[in-house]
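Q: My questions all concern the structure below.
The values are calculated or read from the model by the stated rules, or taken from the named source; none is laboratory data. These figures come from a predicted structure and were not determined experimentally. Here the Cβ is made from the backbone with ideal geometry for all residues, glycine too, and neighbour counts use every protein chain on show. We work out accessible area using only protein heavy atoms, side chains counted, and drop any ligands, DNA or RNA first. Shrake-Rupley method; radii C 1.70, N 1.55, O 1.52, S 1.80 Å.
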Amino acid sequence: MTPRDAIAVAGRTMTAYRAALAAPERTARMAVVLGRLLGLAFLVCMGTGLYSHFLQDPLPWMVFPTRPVQLYQWTQGLHITAGIICFPLILGKLHVVYPQLFQTPPVRSFPHFLERASIALFVASSLVQITIGFINTVQWYQLFAFPFRQTHYALSFVVIGSLAVHIGVKLPVILRHWRKQPRKPVAATSGVTGRVHRWMDGSGTTSRRAFLATVGAGSAVVALTTAGQSFAPLQPLNLFAPRDPRVGPQGLPVNRTAEDAEVVQLARSAGWTLSVVAGARRIVLDREALRELEQRTVDLPIACVEGWSRMATWTGVRLSDLLDLVEAPADARIRAVSLETNSSYGVSEIGPEFARDELTLVALELNGDELDIDHGYPARIISPGRPGVLQTKWLSRLEVIE
Amino acid sequence: MTAVTRIRIALIVVGVLVIGLGGIVLLNDVNPARYLGIALWFAGALVIHDGLIAPVVLGVHLLLRRAGRRIPVAVILIVQGALVIAALMTALVVPEILKQGIGSANPTILPLDYAGNLLRFYAGLALVTAASIAVVLLRSRSARRADAPSRSGADAA
């Protein structure tokens, strides 16, 4: 057999396989219906993901809203839940278009090659993106051969860029099938699968509705059994989320314990103090001194980048009051430094909109009791609308960033 | 050039630029020693989906339909849907069970009884599936019974 014959045989095999995959739910209309939902889920994930990213790494001009206080809890809960819903949606979408994998000839022209390459990139980056996102929430970091956060951030652009290219390439098909077409008499599914179906059960019955119902039910089930970690009303249905927001010291989960952070001794030390520094002005307060300042009690959620969150009651000193003691400028950015030195999260920066917010506290108590050591004893930052990773625990120093 | 063509070109150009931005972020933020790992994940995603999941789905689908000579199509479709949902939840929850076995940084991570909940979920899904099948069968039987009198009437005549 010459190479040319071999290619011809391979081509006929591909054509036959592709025909064999024809099925009632594998239509352009179905691809558009699922594609719209998946595209929407991707945009929600991208928007909420960028919001979370820039809260942690703001560009210099950025100012963030501090109300409603649940804002971050909602955006990040949405990020994680929409990401989970992408699993049934993307599997359904790929099921619909799977026969396109076996086009013959595999490449017709250079533009066709680019189109197929862009789809390979789109499919691969999307699958990897949602999978590593999910694995990160169960903290199975050993599976990653790369840093999660940076890779997830870079891939988000690859996914959304590929989505734009894909919509650009497929726009004529999308427009043709955007609305439901008046029902044409449905021809029995052609191809081997159709014939096999008729042979097997005497019908080429369409299963479009059953297919959509399955994708819909799958999406509902994954969302309802996991979203309880982010949205309290769904907590009774929380069978499978990586967290139960009620489980942890003082009824709140923990990401980094005092032991992990290697701060147990320093945090428990009787000599602990908090320094507040603005240039040359500086005050040093021990726990007694902090107790003697006006105490405020606020209800604020703790909301993790991993999606779980829970409302809690915090008591302590308003950060703004402490900043006034050293006459910090009202528009100053503040650096909060932890006793924790073995992690990049030992230091956070607080923009003036958060630092001067009346709800932002240096908290000493949680839900009416002294802070648990794993929640940041002797003192931690708590502020509205920011990820938990920025609510610096085991506070040792607050300084105005010059 | 039509409006649609202009929009298509704009989308593709913007898309390529955004992909490029992702590439730049990757170059800036991720150590080149890690690129191989990312490439392996990409290849793995395509191979696992296109080479494993999709053919297995096709095989199970054909087997189920083969049973259809004896079983009503509606019942097959319900069973198929239930199997898809069971597989989906298995794929999501098994990593949690495995990671729970390996152990977590602290006890507030993965605190639920995931294996037990998955079994309970299967049981609930089986109940809902059985109930749906019963409804479908009862309906088709009563539809047949509604047809029956006219036919027996014709027979009598």
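Q: Out of A:S109, A:S156, I need the residue that is of a type in the set (S, T, N, Q) and in contact (Cβ under 8 Å) with a residue 60 or more places away in the chain. Which one?
A: Only one candidate passes the filter, namely A:S156.
Q: While we're looking at this one, here's another question. Checking A:Y98 against (1) assigned to a loop (DSSP other than H, G, I, E, B); (2) surrounded by 20 or more Cβ atoms within 10 Å (Cβ to Cβ); (3) among the hydroxyl-bearing types (S, T, Y), which single condition isn't satisfied?
A: Answer for A:Y98: the failing condition is (1).
Q: Consider B:V16 carefully, then state whether it is at the interface with chain A (Cβ under 7 Å from one of its Cβ atoms), free of Cβ contacts under 8 Å to residues at least 40 places away in the same chain, open to solvent by 50 Å² or more (accessible area, probe 1.4 Å) and closer than 23 Å to A:L89 by Cα.
A: No, not satisfied.
Q: Does B:A146 qualify as being more than 9 Å from every other protein chain (Cβ to nearest Cβ), farther than 25 Å from A:T131 by Cα and either surrounded by fewer than 18 Cβ atoms within 10 Å (Cβ to Cβ) or touching a residue at least 12 places away in the same chain (Cβ under 8 Å) (or both)?
A: yes
Q: Okay, moving on. Out of the residues in the range A:47-62 meeting the condition of being touching a His at 6+ places or on another chain (Cβ under 9 Å) and closer than 27 Å to A:L94 by Cβ, tell me which one is most open to solvent (accessible area, probe 1.4 Å).
A: Step by step, filter the range A:47-62, then rank; the result is A:G47.
Q: Next question. Between a residue in the range A:263-274 that is farther than 13 Å from A:R287 by Cβ and any residue that is assigned to a helix (DSSP H, G or I) and open to solvent by less than 60 Å² (accessible area, probe 1.4 Å), which pairs come within a Cβ distance under 8 Å, given they are 6 or more apart or on different chains?
A: Sorted first by the residue in the range A:263-274, then by its partner, the pairs are A:V264/A:A258; A:V264/A:I373.
Q: Related question: Looking only at the range A:31-78, which residues are of a type in the set (V, I, T) and in a helix (DSSP H, G or I)?
A: A:V32, A:V33, A:V44, A:T48, A:T75
Q: Does the range B:106-114 contain any residue that is in contact with a Ser or Thr (Cβ under 8 Å, 6 or more places away or on another chain) and open to solvent by less than 50 Å² (accessible area, probe 1.4 Å)?
A: Within the range B:106-114, one or more residues are in contact with a Ser or Thr (Cβ under 8 Å, 6 or more places away or on another chain) and open to solvent by less than 50 Å² (accessible area, probe 1.4 Å).
Q: List, please: which pairs have Cβ atoms under 8 Å, are six or more places apart or on different chains, and start with a residue in the range B:52-77 that is of a type in the set (D, E, K, R) and end with one that is part of a helix (DSSP H, G or I)?
A: B:R65/A:V196; B:R65/A:H197; B:R65/A:M200; B:R65/A:D201; B:R65/B:I76; B:R66/A:M200; B:R69/A:M200; B:R69/A:D201
Q: So in the range A:269-284, with the set limited to residues that are surrounded by 13 or more Cβ atoms within 10 Å (Cβ to Cβ) and among the hydrophobic types (A, V, I, L, M, F, W, C), which one is nearest to A:A258 (Cα to Cα)?
A: A:W272
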